[in-house]
Amino acid sequence: MNFVPELPNSLEQHWMPFTSNRDFKANPRIMTAAKGMYYTTDRGDAVIDGSAGLFCVAAGHGRREIAEAVHQTLLEMDYIPPFQFGHPKSFEFARRLAAVTPGDLNNIFFSNSGSEAVESALKIALAYHKARGEGERMRLVGRERAYHGVNFGGLSVAGLVNNRKAFGLGLPGAVHLRHTMLAEHNKCVGEPETGGVELANDLQRFVDLHGADQIAACIVEPIAGSTGVLVPPKGYLKRLREICDQHHILLIFDEVICAFGRTGEQFAADAFDVVPDMITMAKALTNGVVPMGAVACSDKIYETINDSAPDTAIALFHGYTYSGCPVAAAAALATRDIFEEEGLVENAAKMSPKFIEALYSLGDLPIATDVRGYGLLGGVDLAPADKPGARGYAIMKELYEAGVMVKLTGDCILFSPPLVCEEKHIDEIFTKVRGVLLKH
Ligand SMILES: Cc1ncc(COP(=O)(O)O)c(C=O)c1O
């Protein structure tokens with residue numbers, strides 16, 4: 001049944017997140033159904049999904065297998081406290097997830113979102129150092145232009161000014177590496193060749209300035225996603241790993257967008273051949289159906305924290321009412337089955353050359369000032385008009401009217417189609433986008 005707002009002001013009560021509420025409520029974009037690669041609007045129009053929802057619907061929309069697993073689980077057992085009690089599905093999913101995480105990141109802590117996964121990872125980093133007798137390591141290193149969700153820990157290490165400026169000073173002692181967007185990389189394909197080691201050496205400078213014995217962890221998105229897809233320059237992540245190893249600093253990859261095939265490999269850690277100490281993930285875990293996030297932690301971290309407490313005592317005073325709750329675990333297990341049976345990571349790798357070619361084909365438009373991409377993730381910067389972000393917002397609305405949904409950050413269009421996409425879908429997305437951009 002289609003949802004049709006009865007009165008224009010019936011939209012008023014919902015305060016929408018990251019949305020210009022006044023403008024949306026004057027000109028709403030309401031979707032009433034979704035199947036495969038397409039949404040249907042309340043006017044009955046088809047809109048192709050160029051962003052996998054918000055990077056999360058990897059297996060395409062309306063997957064019956066996931067709906068049935070959730071339905072069945074709700075009938076069997078709706079809820080159980082995750083503190084001091086358990087149910088089989090969260091353990092089963094943790095085992096399945098640990099089988100695909102890189103290195104010894106075998107220990108899975110569940111949250112309900114990417115933001116909470118980041119908070120959990122930062123707190124685990126502090127708890128780890130405390131447990132091994134170096135509790136004075138309190139500084140967290142983030143990066144300019146990073147997005148690590150919207151909670152205070154994540155905001156403190158993040159670097160997008162609009163997300164930070166209304167909310168105070170953040171955690172004391174957070175410091176930021178320079179971002180990895182360099183003008184000479186414009187429109188370069190794949191990993192930029194230069195600058196990687198030099199940019200990563202910012203971490204060494206923090207060690208020299210503050211002392212390694214103050215620094216707990218360094219968190220980066222391997223590919224900075226929300227800010228506009230900044231692919232790390234060659235050698236960057238490896239150099240961060242080396243500096244962290246030298247100084248016992250934990251390296252956290254925030255793979256909330258990258259995990260589960262977005263790069264053409266299971267994790268960005270695999271794509272760039274660097275194993276961090278923790279990986280945060282969320283988006284494609286349950287195909288966007290039930291909120292869920294997770295942190296995969298190394299054996300060293302798990303053992304150090306858990307061995308620090310007496311047998312019957314709690315070692316980590318942290319967790320959420322819905323950590324690994326039955327429906328989320330059921331949705332995640334069903335999603336994992338689809339990934340494995342349908343080879344979604346492999347399909348992402350297969351579709352990537354076509355996607356990258358189509359993405360870079362937009363580079364000849366006068367409005368496109370830069371193009372960046374990797375795997376099935378791409379960003380196109382648009383020349384700003386009037387105020388920053390105004391043009392991007394106008395174009396997002398025009399694209400919706402033209403039947404394509406993408407995510408806009410400021411004046412950058414982000415592309416991240418579901419991993420089940422076929423060549424014809426990539427053609428459709430980019431043909432529609434080109435048609436709209438040509439009018440500008
Ligand atoms: C890298 C990264 N970390 C964290 C988050 C926050 O995730 P959530 O919106 O599920 O809290 C996001 C969301 O886009 C993200 O891209």
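Just a few scattered comments:
- Leu126 being in contact (Cβ under 8 Å) with a residue 24 or more places away in the chain and either more than 16 Å from the ligand (Cβ to nearest atom) or within 30 Å of Leu209 (Cα to Cα) (or both): yes
- Pairs meeting the criteria (first residue in the stretch 36-53 and under 17 Å from Lys283 (Cα atoms), second residue among the basic types (Lys, Arg) and assigned to a strand (DSSP E or B), beta carbons under 8 Å, at least 6 apart or on different chains) are Ser51/Lys407.
- The set of residues in the stretch 101-123 that are away from the ligand (no atom under 16 Å from the Cβ) and of a type in the set (Asp, Glu) contains only Asp104.
- Filtering the stretch 272-303 to residues that are over 22 Å from Ala349 (Cβ atoms), more than 16 Å from the ligand (Cβ to nearest atom) and not hydroxyl-bearing (Ser, Thr, Tyr) leaves Asp277, Cys297, Asp299, Lys300, Ile301, Glu303.
- The selection criterion, being assigned by TED's automatic domain parsing to the domain that holds Ala329 and either farther than 25 Å from Gly410 by Cβ or in contact with a Gly (Cβ under 6 Å, 6 or more places away or on another chain) (or both), does not hold for Phe253.
- Taking the numbered list (1) more than 15 Å from the ligand (Cβ to nearest atom); (2) of a type outside the set (Ser, Thr, Tyr); (3) under 22 Å from Glu255 (Cα atoms); (4) touching a Gly at 6+ places or on another chain (Cβ under 6 Å) in turn, Met138 passes all entries but (3).
- When the residues of the stretch 162-180 are filtered to those that are among the hydrophobic types (A, V, I, L, M, F, W, C) and touching a Leu at 6+ places or on another chain (Cβ under 7 Å), the one that is modelled with the lowest pLDDT is Phe167.
- Lys89 charged (D, E, K, R), more than 15 Å from Ile279 (Cα to Cα) and surrounded by 14 or more Cβ atoms within 10 Å (Cβ to Cβ): yes
- Arg132 being closer than 22 Å to Ile223 by Cβ, away from the ligand (no atom under 16 Å from the Cβ), surrounded by fewer than 22 Cβ atoms within 10 Å (Cβ to Cβ) and not β-branched (Val, Ile, Thr): no
- Candidates Ala259, Ala269: the one that is within 16 Å of the ligand (Cβ to nearest atom) and within 13 Å of the chain's Cα centre (by Cα) is Ala259.
- Enumeration of residues in the stretch 146-184 that are surrounded by fewer than 20 Cβ atoms within 10 Å (Cβ to Cβ) and either in contact (Cβ under 8 Å) with a residue 60 or more places away in the chain or within 11 Å of the ligand (Cβ to nearest atom) (or both): Val150, Asn151, Leu160, Asn163
- Filter result for Pro418 (in a loop (DSSP other than H, G, I, E, B) and farther than 27 Å from Thr41 by Cβ): no
- Qualifying residue in the stretch 68-79 (condition: within 16 Å of the ligand (Cβ to nearest atom), under 29 Å from Val150 (Cα atoms) and touching a helix residue (DSSP H, G or I) at 6+ places or on another chain (Cβ under 8 Å)): no
- Remark: Ile223 matches the filter, which requires a residue to be at pLDDT 95 or above and within 22 Å of Cys412 (Cβ to Cβ).
- All positions within the stretch 164-205 that are small (Gly, Ala, Ser), part of a loop (DSSP other than H, G, I, E, B) and within 23 Å of Thr263 (Cα to Cα): Gly190, Gly195
- Of the strands (runs of 3 or more DSSP E) entirely within the stretch 19-121, those holding at least 1 residues that are modelled with pLDDT of 95 or more and closer than 23 Å to His318 by Cβ occupy 107-111.
The values are calculated or read from the model by the stated rules, or taken from the named source; none is laboratory data. Given the structure is predicted, the values throughout are model-derived calculations rather than measurements. When we count neighbours, we look across all protein chains shown, and the Cβ atoms used for this are built from the backbone with ideal geometry, even at glycine.
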